[in-house]
């Protein structure tokens, strides 16, 4: 989440306020916020990571399956729609996993914020 | 065998409290509805109470209200920029609802609303429909650029676009499944280990000693579940923020 990022709006003018803000940010970083502490501690949070990656992958495959099944039902192309879209779903699931692991560049999240929470922290 | 005390699934059962039937549709007031209302009431109570005093130096309730607001506001600002703040009501409501429902689920004998996929799916669909509709409303057809990554050779653009569309469609699914599966699995695990304690203590002195191990496990798992309850609410929120970011700034 990165509370330590610079805050554009407030605490700009008064140097004492700014110093306090910096101290606060320092303290927050030290006291292991929701993302810092969790991602570092291995073991149990690894289960959370596995759940996340698993759900990302399975979701891609399931969506591919549903699309393929629907196309087969609508156009009577069984089993080709299923085959093609299961493979595409597999690819999409792999893409999801790579994105959530931060290996592949995420073209989705390239706004101004650049989504600092996702890739490096691996929250979950 | 299906002893209520040790049956890990029994806690998720939907029971009708008030039978309501409108035009053939079953819209009964269930224990799930009750706990959704309790969740909302708890949120409203804490936030209203917290924001009523408006002291410069906040008291406890005001601290809770202000901290939760600041937390969500920072998450949203970091993920979606200043323009994302127009979605603050939605994102804050989602975060508070999921968090409170998760925490409520940790109270013994309470029903966990978020352990039912229909609830989490409704939340995820709300998010994804907001993203899609707002994306088209704000950017028009430019929103479709989301599905065509830049710098891809012309020959494989159709393939990549299909994969991106499936990846986009899989978002609400993984959003819903993750929250639901985490809550369901956590509560089942807790119940199974607690069931071991009950069963083992029925075996005399030796079983009593043996029951210590699952008891320790239950204590540790309870702590873990509180962490998961918070983390899942946070993950749900930050993913919502990132999807909203796509609606605000698609394409490059």
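Averaged over the residues of B:239-248, the number of partner chain Cβ atoms lying within 10 Å of the residue Cβ comes to 4.
Counting Cβ atoms of other protein chains within 10 Å of each Cβ in B:137-143 and taking the mean gives 0.
Remark: B:208, A:90 ranked as B:208, A:90, counting other beta-carbon atoms within 10 Å and listing the fewest first. Cα-based radius of gyration for chain B, normalised by 2.2 N^0.38 Å, reads 1.24. Helix B:157-201 and the long axis of chain B differ in direction by around 10°, with both axes built from C-alpha atoms.
Ranking of A:97, B:198, A:103 by neighbouring Cβ atoms within 10 Å, starting from the fewest: A:103, B:198, A:97. Angle of helix B:88-105 to the longest C-alpha principal axis of chain B, folded into 0 to 90 degrees and rounded to 10: 20°.
Its relative contact order, with pairs defined as Cα atoms under 8 Å and 6+ residues apart, puts region B:45-178 at 16 percent.
Pairs of Cα atoms nearer than 8 Å and 6+ residues apart set the relative contact order; for chain B it is 27 percent.
The residues B:168, B:111, when put in order of fewest to most other Cβ atoms within 10 Å, stand as B:168, B:111. Kirkwood radius and radius of gyration were both taken over the C-alpha atoms of region B:33-104, and their ratio Rg/Rh is 1.01. The C-alpha atoms of chain B define a longest principal axis, and helix B:212-248 lies at about 20 degrees to it. Within 10 Å of the Cβ of each residue in B:169-181, the mean number of Cβ atoms contributed by other protein chains is 6.
Rule-based calculations on the coordinates, nothing more; no lab input. Just so you know, these numbers come straight off a predicted model, no measurement behind them. In this analysis, Cβ positions are derived from the backbone assuming ideal geometry, glycine residues included, and neighbour counts consider all displayed protein chains.
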